[in-house]
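Mind having a look at this structure? Questions to follow.
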Amino acid sequence: MLSIIYQIPMGLIEADMEGSITSMNAKSVQLLMPLFYSHGFRGNNINELLQVVAPDILEQVSNFTRPNGNIIKQQRQEIALQSGRDEGNEICLLFTVDKLDANSLTYIFDDVTELYNKEKQLKQMMQDNATEQLNKFEIASGLLHDIGNAVVGFGSYITKIKRSIEQKNDISSLDNLKGFIEKNQAAIGGAIGEKKANAITDLLNGVIANQENNLTDVRTSITDQMKIISHIQEILNIQRQYVKGHYIERASVNLRDLVNDAVSMLANTFEKRGISFSLELPAGIVHIKGDRTKLMQVFLNLLKNSVDSVMHMADENTLKQIRLILGRGEGKVAVRIQDNGKGFDQATGAKLFTRGYTTKTEGTGLGLVNCKSIIEGHNGTITLTSAGEGKGATCTVIFYL
Amino acid sequence: MSLTFNDPSLLQWLDTHSESDYDKLPFGVVKMDYEGVVAAYSRGQSKISGVTKENAKGKNFFTQIAPCTNNFMVAERYKDITLDETLPYMFTYITKPTPVTLRLIKGGNGSQYLLAKNA
């Protein structure tokens with residue numbers, strides 16, 4: 001039996017409370033002797049070594065007051081090597097210590113260095129991957145930011161052109177000239193002949209018509225350009241949300257305040273357009289983890305959709321109503337926005353979250369896609385339901401806590 | 001016999017003598033090939049380790065006879081091209097810790113030696 005104990009592939013030591021070793025097997029010498037040696041110990045007292053390489057284990061042993069029993073069960077202990085070829089490396093031992101009687105302890109330890117090193121390598125690889133991923137996201141984020149800025153600049157330039165052509169075109173001057181000639185048609189006819197006077201009026205009419213046609217073309221073109229810019233901005237928003245969602249730490253957001261702020265921003269719109277708005281908030285604070293700006297963007301978008309919906313009701317005399325209800329449930333928070341607007345049929349409902357699909361004449365079909373992406377990035381869901389065309393709609397956002 | 005444990009000419013003597021001569025020395029001698037397979041195991045070594053000659057010969061010293069030496073302090077030192085070094089160590093007589101002094105010597109003719117004496 002002793003020879004089996006001697007040969008088993010894990011370290012076994014029997015020592016007294018002072019650490020003096022009375023028995024040890026081959027593996028224990030193999031593993032511990034280099035440690036004893038590197039710290040200048042003879043190798044016959046385990047406490048001397050533990051005091052230096054694993055004081056925590058020694059403390060647990062010293063503090064154990066019961067007459068016998070298990071003191072430490074499979075505690076992992078990393079120990080730095082201070083000499084030999086592996087200097088600077090660590091070994092990892094799994095310690096179990098039992099008290100046999102008042103003055104007798106057994107130390108059992110297994111060498112799990114290989115496993116420990118593999119774990120360390122895996123951890124390092126995961127860390128490297130995460131860093132690489134983060135760098136990629138940072139580059140992507142910077143790129144999106146730069147493109148976004150360029151697009152905003154381009155949009156401002158187009159707006160300037162639009163304003164300029166509306167203010168500085170010659171149509172009104174030509175109209176004035178035409179009016180003057182028409183008023184003095186008889187006198188001009190008398191001076192240069194009626195035919196020539198009529199020809200001037202016709203020419204002016206033609207020039208004015210051409211100018212108006214050109215202006216209409218330019219207006220259409222600018223509107224198209226603005227739509228394209230808006231489309232690009234929506235795409236950038238979605239991409240930003242995707243990139244941001246991967247590495248931005250989420251802060252605590254009070255949903256009650258956020259919803260209140262979104263409603264305040266639209267209060268004027270409700271009033272101007274004769275919309276009756278009602279808000280139902282629970283008492284107290286409703287916190288979720290998230291990005292306040294993005295969430296604000298979601299609720300403004302959803303509320304604007306409801307405004308748009310009630311402004312396109314078939315019967316203009318019906319009272320336009322929007323209602324927002326914030327509620328708390330078991331492990332979740334829900335925000336419901338109800339309107340009595342134009343609603344939609346089942347077929348339309350099925351396509352509402354499809355990229356590029358829109359029911360608005362000037363929509364990009366990206367607003368709801370963007371909202372969905374942001375909400376899902378906050379561990380939430382969004383659904384949009386309607387009893388049918390002309391029967392209003394309900395948007396339900398649920399955040400799972 | 002006037003040879004001592006620290007004698008600088010010990011390698012030459014060991015290379016030219018046999019196990020029966022090693023038995024007369026006041027310290028233990030293990031003769032191995034470069035793989036660690038035991039060719040000779042002196043009586044003095046048996047006294048220190050508790051392992052008999054018959055049990056030791058033909059087996060790998062570092063993995064089968066004295067796995068306690070299978071580390072960078074002892075076994076791995078024999079990977080050096082030349083070696084003659086003395087160090088304190090701990091043997092276990094079955095399981096009883098026995099402080100020893102080891103002298104590790106590597107010869108040039110395919111043999112290497114481990115000498116041991118009680119500290």
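The values are calculated or read from the model by the stated rules, or taken from the named source; none is laboratory data. In this text the structure is predicted, and so the values were computed from the model without any measurement. For neighbour counting, all protein chains shown are included, and Cβ atoms are generated from backbone atoms with ideal geometry for every residue, glycine included. Keep in mind that these areas ignore ligands, DNA and RNA; they rest on the heavy atoms of the full protein, side chains included. Shrake-Rupley method; radii C 1.70, N 1.55, O 1.52, S 1.80 Å.
Taking B:Tyr93, is it open to solvent by 10 Å² or more (accessible area, probe 1.4 Å) and among the aromatic types (Phe, Trp, Tyr)? Break it down into steps so the answer makes sense when it comes.
On the way: open to solvent by 10 Å² or more (accessible area, probe 1.4 Å): yes; among the aromatic types (Phe, Trp, Tyr): yes.
For B:Tyr93, the condition - open to solvent by 10 Å² or more (accessible area, probe 1.4 Å) and among the aromatic types (Phe, Trp, Tyr) - is met.
Among (1) at pLDDT 90 or above; (2) of a type in the set (A, V, I, L, M, F, W, C); (3) open to solvent by less than 30 Å² (accessible area, probe 1.4 Å), there is one condition A:Met17 misses while meeting the rest; what is its number?
(3)
In region B:1-38, what count of residues is obtained for those that are out of contact with any Pro (no Cβ under 9 Å at 6 or more places or on another chain) and open to solvent by 60 Å² or more (accessible area, probe 1.4 Å)?
11
Still on this structure, I have one more. Can we say B:Arg43 is of a type outside the set (Val, Ile, Thr), in contact with a strand residue (DSSP E or B) (Cβ under 9 Å, 6 or more places away or on another chain) and modelled with pLDDT under 95? First the steps, then the outcome.
Numbers: of a type outside the set (Val, Ile, Thr): yes; in contact with a strand residue (DSSP E or B) (Cβ under 9 Å, 6 or more places away or on another chain): yes; modelled with pLDDT under 95: no.
No, not satisfied.
If you don't mind, there's one more thing I want to ask. Could you tell me whether A:Lys332 is in contact (Cβ under 8 Å) with a residue 24 or more places away in the chain, within 22 Å of the chain's Cα centre (by Cα) and surrounded by fewer than 20 Cβ atoms within 10 Å (Cβ to Cβ)? Step through it out loud before you land on a result.
Numbers: in contact (Cβ under 8 Å) with a residue 24 or more places away in the chain: yes; within 22 Å of the chain's Cα centre (by Cα): yes; surrounded by fewer than 20 Cβ atoms within 10 Å (Cβ to Cβ): yes.
So A:Lys332 passes the test.
Turning to a different aspect of this structure: Condition first: in contact (Cβ under 8 Å) with a residue 24 or more places away in the chain and either outside the structural domain of A:Glu234 (by TED's automatic domain parsing) or closer than 18 Å to A:Asn237 by Cα (or both). Can you find one or more residues in region A:155-170 that meet it?
yes
Out of the residues in region B:106-119 that are closer than 13 Å to B:Gly28 by Cβ and surrounded by fewer than 21 Cβ atoms within 10 Å (Cβ to Cβ), which is nearest to the chain's Cα centre (by Cα)? So that I can check it myself, show each step before the final result.
Looking only at region B:106-119, we keep the residues that are closer than 13 Å to B:Gly28 by Cβ, and these are B:113-119.
Filter again for surrounded by fewer than 21 Cβ atoms within 10 Å (Cβ to Cβ), leaving B:117-119.
Values: B:Lys117: 10, B:Asn118: 13, B:Ala119: 15 Å.
So the residue we want is B:Lys117.
Find the residue count for region A:303-320, including only residues that are buried (at least 17 other Cβ atoms within 10 Å of the Cβ) and over 30 Å from A:Asn379 (Cβ atoms).
First, pick out the residues of region A:303-320 that are buried (at least 17 other Cβ atoms within 10 Å of the Cβ): A:303, A:305-307, A:309-310, A:313, A:320.
With over 30 Å from A:Asn379 (Cβ atoms) added as a condition, the list becomes A:310, A:313, A:320.
The number of residues fulfilling the criteria is 3.
Same structure again: Does region A:25-36 include one or more residues that are open to solvent by 70 Å² or more (accessible area, probe 1.4 Å) and in the same structural domain as A:Tyr6 (by TED's automatic domain parsing)? Steps first, please.
Initially, region A:25-36 is screened for residues open to solvent by 70 Å² or more (accessible area, probe 1.4 Å), giving none.
The answer is no, given that none of the residues of region A:25-36 is open to solvent by 70 Å² or more (accessible area, probe 1.4 Å) and in the same structural domain as A:Tyr6 (by TED's automatic domain parsing).
Let me ask something else about it. Just to be sure before I move on: is A:Glu90 open to solvent by 70 Å² or more (accessible area, probe 1.4 Å) and not β-branched (Val, Ile, Thr) in the structure I sent? So that I can check it myself, show each step before the final result.
Numbers: open to solvent by 70 Å² or more (accessible area, probe 1.4 Å): no; not β-branched (Val, Ile, Thr): yes.
Spelling it out, it is not the case that A:Glu90 is open to solvent by 70 Å² or more (accessible area, probe 1.4 Å) and not β-branched (Val, Ile, Thr).
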